[in-house]
Structure formats: structure tokens, C-alpha cells
Amino acid sequence: MSFFKDMISVFRKRELTLIESSREAEDVHTFVFTKDKDLTWTAGQYGLFTITHKKIKNPTKPFSIASAPTEDVVKITTRISDNPSEFKQAMLELQPGMKIKMGGPVGTFQLEEGTPSLLVAAGIGITPFRSILKELAASGKQAGNPTRLLYLDSKPSYLFQDELNAIARPASIQIDFLSSREELEQEMVKFITQHKDQGKYFIAGPKSMVESITTLLQNHNISKKNIKKDAFFGL
Ligand SMILES: Cc1cc2nc3c(=O)[nH]c(=O)nc-3n(C[C@H](O)[C@H](O)[C@H](O)COP(=O)(O)OP(=O)(O)OC[C@H]3O[C@@H](n4cnc5c(N)ncnc54)[C@H](O)[C@@H]3O)c2cc1C
């Protein structure tokens, strides 16, 4: 059922107007767009964003919606190198008032209430978790007991760090900002030892990272049904 709902939603493209863009870190930019009243999503979903102000070869790319539905704007955050793709170059050209299109929202990357949860964000993979945690904070609900977010970034320029820290305590979430793969594995093993296959494991980030973290979980006997992945293909 949700597959058909997603398909309908993908084909229905909406125009979004840029409100503002800003630089989060040296090579990371956030774009904030208007949100129609009837557009809603579940925290953790992504959209298919299409460049419309010029013709480019691959005009549509998926991005997690980094804002929570309650924030009333559509926010996407992306890494843009010094030598950007045509798509990212076109994103940099966007000025307030200019439009893009969005298909979706799609995806099933959502927390389950009450279950011990380990959230693993690799680099730019923090975007769906920002939405999920912001929504949790807005709802006043507590996360599953316990919920830990492990945020790995080799360049430790952790995005949204202040916002995440502000959410963590009232929502009973422990956040660790990590800079090495070894630290990540150590912390993951601690959680796995405690919660084994009773916990839920959420991983978001570049596809290769998501795959290697999944392998680690499976090597510790975590079953597929307890691993939710948001693999950023194309990174
Ligand atoms: C479910 C999902 C959610 C996602 N969420 C996010 C997100 O929140 N944030 C995010 O950043 N990404 C996200 N992604 C990945 C995103 O869709 C892009 O694939 C990714 O950002 C890379 O885009 P790109 O245009 O730089 O890629 P590519 O076109 O693959 O380019 C990669 C690199 O190649 C070089 N290059 C490519 N074309 C040219 C050119 N014409 N000239 C010069 N150099 C070039 C550039 O150095 C460029 O950086 C998500 C993907 C999925 C599937």
C-alpha cells in the first residue's frame, strides 16, 4: 500500500520557492523553501528535487528533507565541492524567489516508539535524523528507551550540532560526535552487547558506509528486519 502511495506522490511534482540559502560549513549548504499547506511528510522521508530554471543533463536528485514537518518549510542540506556537478552548480545559482520542483515525499525511515534505538549518521547522513529529532522535540514525546545517536564525520564540522544538543536532553537521547571508524565501532558494539536483536538500528549516509555498517551489525547477529537503511546513492 505504501509503495503505491509513494508512486503517486513521486509523480505529483510541486513547485517550491527558495526562501534563503546559507553555508553550514566550508562545503555544506542549506536551502530553505516554502511549503504548501497541503504538503506534508513524515520525519525521515526524502523528496525528489528537480532543477527547473535551466536545462541540465540530470535535473532530478533525491535529498532527505532535513526539516521537520512542524517547521513549515522544506529544508535540504548538501555537500557542494569546489568542482560541483551541473546539478549542484544550478543549486548554487538559486536566489530567493526562484523555484524548483519536488516529487514525493517518499521513504520509510522512521523511528518506532518505545524501542531501544541506535541511530548512526555518517557525514551528510545526519539530514534525516535532524528532521526526526526536531519532530520528536516538537511533539514533546520521549524517544525509545534508550535512544543513542552516533554521528560520525571525518572532518569534525558536525552539522546542526547546537540544535541536536538542545534536543538531546529533554528527549532523553544520548548523542556522541565521533571522528573515527574505530570509535564508531566501539560505541556500536556497546549498544549491540546491551540490546542485541531487541533494538532497532537506523543507518544513514553514503551507500558504501551504510553497507559496511550493515555488515558489522549482521556480523553481530542483528537481523535484517531490525536494520533500517537510508543509503545516499550517488555519494
Ligand atoms: C534517499 C536519499 C537521500 C539523500 N539525501 C541527501 C542529502 O540529504 N544530502 C546530500 O548531499 N545528498 C543526499 N543524497 C545524495 C544526492 O542525491 C546526490 O547523489 C549527492 O548529493 C551527489 O550529488 P552530485 O550532484 O554532487 O553528484 P554527482 O553528479 O555524482 O557528482 C559527484 C562529483 O563528481 C564531480 N562532477 C560531476 N559532474 C560534474 C560536472 N559536470 N563538472 C564537474 N564535476 C562534476 C563533482 O566533483 C561532484 O561533486 C541522497 C540520496 C538518496 C538516495
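Throughout, read-outs are computed from the coordinates displayed, never taken from laboratory work. All values reported here derive from a predicted model rather than from experimental measurement. So basically every Cβ, Gly included, is an ideal-geometry build from the backbone, and we count neighbours across all protein chains shown.
A few points about this structure:
- Set of lysines near K225 by C-alpha distance (under 17 Å), chain-local residues within fewer than 8 positions excluded: K196, K200
- For the pair Q142 and L92, the difference between a 0.36 nm per residue extended length and the Cα-Cα distance amounts to 14.2 nm.
- At an R0 of 30 angstrom, the distance between the Cβ atoms of D72 and S223 translates into a FRET efficiency of 0.20.
- Qualifying trypsin sites (Lys or Arg not before Pro) for the range 88-173 [loop in DSSP, other Cβ within 10 Å: at most 14]: K141
- Residues T42 and S21, FRET efficiency given R0 of 22 Å [Cβ-Cβ distance, rounded to 0.05]: 0.30
- Distance in nm between pseudo-label sites at Q186 and S154 (7 Å out along the Cβ direction from Cα): 2.0
- C-alpha center-to-center spacing [the range 13-86, the range 88-119] in angstrom: 6
- At q = 0.20 Å⁻¹, base-10 log of I(q)/I(0) for the range 99-147 (Debye sum, equal scatterers on each alpha carbon): -0.80
- Principal axis dimensions, the range 1-142 - Cα atoms, whole angstrom, descending: 46, 35, 23
- Expressed to the nearest 5 percent, the antiparallel share of DSSP beta bridges inside the chain is 55 percent.
- Close amide H partners of E20, meaning residues 5 or more places away or on another chain with modelled amide H under 5 Å apart, are V32.
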